[in-house]
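Comments concern the structure below.
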Amino acid sequence: AASGRGSRESSPRGGGGDVPTRDVWVGEPDRSVDEHFAKNTISTTKYTWWNFLFKNLFEQFRRIANAYFLLIAALQLVPGLSNVSFFSSIFPLSIVLGVTAVKELFEDVKRARSDRTINRRATQVVDTTVRAERLVDKQWRDLQGGHI
């Protein structure tokens, strides 16, 4: 393969944009590594431990019904606009938000477990570092361009 690391070529599909090129050396995965390209790890989770609360609340208030009930609860804070307590309007909304957040968390944990199972799945690649080429076990997440 010709050296093209870092070079750019016109896209064969048209569109006028430049796309990065990549050299893949068959049987030489260490030579094919390029930090600009994605790893072979699968991740379908939506949240991380530190962004769950913020992302989840953002997603829930994108629903018009939740945003409406939040507006109603905020209006309950203004004296003279309401004859019911703030608690009576915020409590049902917080129950709905809490149940939905628990459901989303449960589904995201299931996605993370599935990702982990797939990433740890075993496969075999040809070990070209020894004279007598042999198959060696690798996990899917450790595969890279150039593996046979």
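Condition check for K55 on (1) modelled with pLDDT under 90; (2) part of a helix (DSSP H, G or I); (3) among the charged types (D, E, K, R): one failure, at (1).
When you look at L77, is it outside any loop (DSSP other than H, G, I, E, B) and modelled with pLDDT of 75 or more, yes or no? Give the derivation first.
Details: outside any loop (DSSP other than H, G, I, E, B): no; modelled with pLDDT of 75 or more: yes.
When the stated conditions are applied, L77 does not pass them.
In this structure, is L97 of a type in the set (A, V, I, L, M) and touching a residue at least 40 places away in the same chain (Cβ under 8 Å)? It is true that L97 is of a type in the set (A, V, I, L, M) and touching a residue at least 40 places away in the same chain (Cβ under 8 Å).
Within the stretch 117-135, can one find any residue that is of a type in the set (V, I, T), in a helix (DSSP H, G or I) and surrounded by 16 or more Cβ atoms within 10 Å (Cβ to Cβ)?
Initial filter on the stretch 117-135 (of a type in the set (V, I, T)): 117-118, 123, 125-126, 128-130.
Subset that is in a helix (DSSP H, G or I): 117-118.
This time we only want the ones that are surrounded by 16 or more Cβ atoms within 10 Å (Cβ to Cβ), so: none.
Scanning the stretch 117-135, I find no residue that is of a type in the set (V, I, T), in a helix (DSSP H, G or I) and surrounded by 16 or more Cβ atoms within 10 Å (Cβ to Cβ), so the answer is no.
Checking the conditions here, which among Q76, Q60 is open to solvent by less than 60 Å² (accessible area, probe 1.4 Å), out of contact with any Phe, Trp or Tyr (no Cβ under 6 Å at 6 or more places or on another chain) and of a type outside the set (F, W, Y)?
Values: Q76 fails: out of contact with any Phe, Trp or Tyr (no Cβ under 6 Å at 6 or more places or on another chain).
Just one listed residue meets the conditions, Q60.
Among (1) open to solvent by 40 Å² or more (accessible area, probe 1.4 Å); (2) out of contact with any helix residue (DSSP H, G or I) (no Cβ under 9 Å at 6 or more places or on another chain); (3) free of Cβ contacts under 8 Å to residues at least 24 places away in the same chain; (4) of a type outside the set (S, T, N, Q), which single condition is R111 missing? Every listed condition holds for R111 apart from (3). All conditions but one from (1) surrounded by 11 or more Cβ atoms within 10 Å (Cβ to Cβ); (2) assigned to a helix (DSSP H, G or I); (3) of a type outside the set (F, W, Y) apply to S82; the one that does not is (2).
Mind checking whether some residue in the stretch 16-25 is exposed (fewer than 12 other Cβ atoms within 10 Å of the Cβ), at pLDDT 65 or above and over 30 Å from R131 (Cα atoms)? First the steps, then the outcome.
Let us first name the residues in the stretch 16-25 that are exposed (fewer than 12 other Cβ atoms within 10 Å of the Cβ), namely 16-18.
Now narrow it down to the ones that are at pLDDT 65 or above: 18.
If we keep only those that are over 30 Å from R131 (Cα atoms) as well, we get 18.
Yes, the stretch 16-25 contains a residue that is exposed (fewer than 12 other Cβ atoms within 10 Å of the Cβ), at pLDDT 65 or above and over 30 Å from R131 (Cα atoms).
Only residues that are assigned to a helix (DSSP H, G or I) and either without any contact (Cβ under 8 Å) to a residue 12 or more places away in the chain or touching a Pro at 6+ places or on another chain (Cβ under 6 Å) (or both): list them for the stretch 60-74, please. Reasoning before the result, please.
If we filter the stretch 60-74 for residues that are assigned to a helix (DSSP H, G or I), which is where we start, we get 60-61, 64-74.
Once the filter is applied, which keeps residues that are assigned to a helix (DSSP H, G or I) and either without any contact (Cβ under 8 Å) to a residue 12 or more places away in the chain or touching a Pro at 6+ places or on another chain (Cβ under 6 Å) (or both), the stretch 60-74 yields F61, I64, A65, A67, Y68, L71, A74.
Does S89 qualify as being modelled with pLDDT under 90 and either surrounded by 11 or more Cβ atoms within 10 Å (Cβ to Cβ) or in a strand (DSSP E or B) (or both)? Taking the combined requirement at face value, the residue satisfies it.
The values are calculated or read from the model by the stated rules, or taken from the named source; none is laboratory data. Everything numeric here is computed off the predicted structure, so don't read it as measured data. Neighbour counts are summed over all protein chains in view; Cβ atoms, including those assigned to glycine, are modelled from backbone coordinates with ideal geometry. With ligands, DNA and RNA removed, areas are computed over all heavy atoms of the protein, side chains included. Shrake-Rupley method; radii C 1.70, N 1.55, O 1.52, S 1.80 Å.
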